[in-house]
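Bear in mind that the values in this text are calculations on the coordinates, not laboratory data. Keep in mind the model is a prediction, meaning the values are calculated, not measured. Neighbour counts run over all protein chains shown; Cβ positions are idealised from the backbone, glycine included.
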Ligand SMILES: [Zn+2]
């Protein structure tokens, strides 16, 4: 719950810090050396051909200190399954990542039990620091009050709780793989601490802000052996601190979400301009590119606090549109930033400060988005850890369609059907065209469930 300060800081820094001279800080810690190090540059294409690339959707939930919301999210993930296929993600219950705010959970058996349950159910348990600090002075992200040692403590203490055996009051996980920065605020000290604590990936840097990236051609996850071009935009703009290089760390881009343009409103079930609605509430929203924030906090909370105050239909339209953009493009993973607490009641009551949504309506957004995504045969919900592992060893998608072709249904590119005992996949939008009947048909025959 963070981004108000970040946004406010962003606004201030746009004007105030624009001309600040940036001195790269010097990395003082000596890093452990790994064997089998892998360097993957930011790329706008999948490591394998796009037609055999799964559409990976990866949900990341922060804080996780509210029992009701966390229980509900775990239930949602458990009761749904990835579409059919023969790849290792197919038919599995949905997996996600959970970034834990550790301090308040210490000694809270109810919450610790939920964290252990998440781990046991195959989710990825990540580090969101011990005390959730905001390392900015006067909202200036270039001015920090924390020392390198303090950052080291924040990461190490939380890791310790997560890896401590259950019998000693810990969560008992084997290894902490991932990290998200509270308030998305970090600097070189943060990243040095991640490396020193064997964290494998971060998901905190700005992404999708390169002007030519339009949702169909976003960067894939990459290692930080040579920095991040999207973070550099922030550095050059004076609103992000410079970072050293971190060859052992992966960055999972949490892209800006593109708000559907007015021409797409019908398709996503809205009778008004969503870009206009957000423009009227969020002064820094760019209605031309439509690039907006990713986190649920920014989507639902009060405009007076710097968020968009959206309703369930708005948010569902944004999620669906960004999935569809990726499916029509390079299939770069759809990574969403969420807070499990927003999907549950707080002491039986609604949350304060989300004017156009309720616990029930926000739950419907996740339920309906999940159902929509799972109707696409290429979609696989994976944890961030599974996403990184997939980048290191990409496995082709194998499809087996589950539903018979329906003459009355419109199909999008990538949709699969069975017809007369054979498997087909739509190469483009189609309706009322019988699979396998025409030359130049939109339907491609799938050979042994592998898309062609
Ligand atoms: Zn947080």
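Taking other C-beta atoms within 10 angstrom as a stand-in for reagent exposure, 106, 362 fall in the order 106, 362, fewest first. Which whole-angstrom value gives the distance between the alpha carbon centres of segment 339-377 and segment 265-317? For segment 339-377 versus segment 265-317, the Cα centre distance is 16 Å. Expressed to the nearest 5 percent, the antiparallel share of DSSP beta bridges inside the chain is 45 percent. Under the simplified labelling scheme, the residue 440-residue 410 pair shows an inter-label distance of 2.2 nm, with each label point 7 Å from Cα along Cα→Cβ. Alpha-carbon geometry of segment 151-297: the Rg and the Dmax are 18.6, 57 Å, given in that order.
Cβ-to-Cβ counts within 10 Å put 389, 202 in ascending order as 389, 202, the fewest first.
What is the fewest-to-most order of 180, 326 by other Cβ atoms lying within 10 Å of their Cβ? Walk me through the numbers on the way to the answer.
Values: 180 27, 326 22.
Lowest to highest Cβ neighbour count: 326, 180.
Over the chain, the ratio between the Cα radius of gyration and 2.2 N^0.38 Å evaluates to 0.97. Take the Cα radius of gyration of segment 323-395 and divide it by 2.2 N^0.38 Å, N being the number of residues; the result is 1.39.
When a/c is below 1.5 the answer is rounded, else prolate if a/b is larger than b/c, else oblate, so apply that to segment 399-452 with a ≥ b ≥ c taken from the square roots of the Cα gyration tensor eigenvalues.
Details: a/c = 1.39, a/b = 1.26, b/c = 1.10.
It is rounded, given that a/c, with a ≥ b ≥ c, falls under 1.5.
Placing R0 at 60 angstrom, the Cβ-Cβ distance between residue 433 and residue 131 gives a FRET efficiency of 0.55 after rounding to 0.05. Placing a label point 7 Å from the Cα of residue 272 along the Cα-to-Cβ line, the residues of segment 315-332 whose backbone N sits under 17 Å from it are 315-318.
Full-extension gain between residue 375 and residue 349, please, as 0.36 nm times their residue separation minus the C-alpha to C-alpha distance.
On the way: separation 26, 0.36 × 26 = 9.36 nm, distance 3.32 nm.
Extra length available between residue 375 and residue 349 comes to 6.0 nm.
Taking Cα atoms, how many degrees apart are the long axis of helix 359-374 and the longest axis of the chain, rounded to 10 and kept between 0 and 90? That helix lies at roughly 50 degrees to the long axis.
Rounded to the nearest 500 deg cm²/dmol, what is the calculated helix-only ellipticity per residue at 222 nm for the chain, with -39500 (n - 2.57) per DSSP H run of length n ≥ 4? It would help to have the intermediate numbers written out before the result.
On the way: 11 runs with 124 residues, N = 452.
Computed ellipticity for the chain at 222 nm equals -8500 deg cm²/dmol.
Here the convex hull built on the C-alpha positions of segment 266-319 has a volume of 77 cubic angstrom per residue.
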